[in-house]
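Have a look at the structure below, then the notes.
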Amino acid sequence: MGAPRLREVLRRLEKTYGWPPEAREFTAMLAKAKGLGPLGTLIAIVLTQNTNDRNANVALERLYEISDGLSMERLRAMSLEEIAEVIRVSGMQRQKARTIKALVERFDEATLLNEDPEVLAQELLSVPGIGPKTVDVFLLMVRGYPTFPIDTHCRRVLTRLGFIRRGERYEAIREAVIKELGRDREALLRLHTLLITHGRRVCTARRPRCGECPLSDICPKVGVDEG
Ligand code: SF4
């Protein structure tokens, strides 16, 4: 069985999980729902690195409280240690605090909103602690730029669907998804988000529940031990 078309995967996942998801399930969406600007939302995305969105949400709320609603002046005045202590629940707090400090010192709202997306991507990637996934989430969710962020759930589900090979390079996956869906920002956003939901709820790392999966009849289940 070959890999199913991504439009069909998207259609079925939308039907199963609905759209839009609850904001608290995705910290970046929660940040937008709280009315945070681009820098605040970017900080929220940094908080999600290597943790689940529940912990990232708690860290975001605490940082929000202590910094007068993520006021840039307040964040610039806070020490690394203070920020690290406040966001401790999200893990890797010292590295994340360094990244947050670098972001508030090097970027302003206007640049994040208006700079050419490709140029901005390169500038953001030069900040320690900012990788392609963080940049892609920001560009897609805040700038509405048609790109495709790949997290561990997206990678796992796309591998099992036979759409990519195990261990495929990040950039190659992004290119393949965009090639198939086109530069359709809404479809890319929905597929990214719904693959994460699917990976959390059904196509889990251990013991995926293929028996109750809406993709079961079109999924080659690559690498899944069904015994
Ligand atoms: S059929 Fe199984 S392996 Fe394929 S997407 Fe569904 S849960 Fe994942």
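When a/c reaches 1.5 or more, the comparison of a/b and b/c decides; with that in mind, is region 21-98 rounded, prolate or oblate per its Cα gyration tensor?
oblate
Taking 8 Å as the Cα distance limit and 6 or more residues as the minimum spacing, I'd like the relative contact order of the chain as a percentage. All intermediate terms of the calculation are to be shown ahead of the outcome.
On the way: 258 pairs, mean separation 53.2, N = 227.
Value for the chain: 23 percent.
Suppose we flag trypsin sites (Lys or Arg not before Pro) only when DSSP calls them loop and at most 13 other Cβ atoms lie within 10 Å. Which is the longest uninterrupted stretch of the chain? Don't skip to the end; give the middle numbers.
Numbers: sites that count: ARG5, ARG165, ARG166, ARG169, ARG183, ARG206, ARG209.
Formally, the longest exposed-site-free interval is 6-164.
For the residues VAL104, VAL119, VAL224, VAL89, what sequence is obtained by ranking on other C-beta atoms within 10 Å, fewest first? Provide the component values of the computation, followed by the final result.
Details: VAL104 24, VAL119 10, VAL224 14, VAL89 17.
If I rank by nearby Cβ atoms, fewest first, I get VAL119, VAL224, VAL89, VAL104.
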The chain, Gaussian network, Cα under 10 Å: of LEU181, LEU13, LEU112, the residue fluctuating most is LEU181
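Roughly how big is the chain's charge dipole about its Cα centre, with Cβ charges of +1 (Lys, Arg) and -1 (Asp, Glu), in debye to the nearest 20?
About 900 debye.
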Loop by DSSP (not H, G, I, E, B), at most 12 other beta-carbon atoms within 10 Å: where is the longest site-free stretch of the chain for GluC sites (Glu not before Pro)? 23-225
What is the distance in Å between the Cα centroid of region 91-164 and that of region 181-224? 22 Å
Of ALA121, ALA33, ALA59, the one that fluctuates the most in a GNM where the chain has Cα springs shorter than 10 Å: ALA33
Which one of GLY131, GLY167, GLY182 has the biggest mean-square fluctuation once the chain is modelled by GNM with Cα springs under 10 Å? GLY167
Förster radius 22 Å - calculated FRET efficiency between THR204 and TYR170, Cβ distance, rounded to 0.05: 0.50
Indicate the gyration tensor shape class of the chain (rounded, prolate or oblate), computed on the Cα atoms with a ≥ b ≥ c the square roots of the eigenvalues: a/c under 1.5 is rounded; otherwise a/b larger than b/c is prolate and the rest oblate. prolate
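Rule-based calculations on the coordinates, nothing more; no lab input. Keep in mind that what you see is a predicted model, and the values were worked out from it rather than measured. Every residue, glycine as well, gets a Cβ built from its backbone with ideal geometry; the counts of neighbours run over all protein chains shown.
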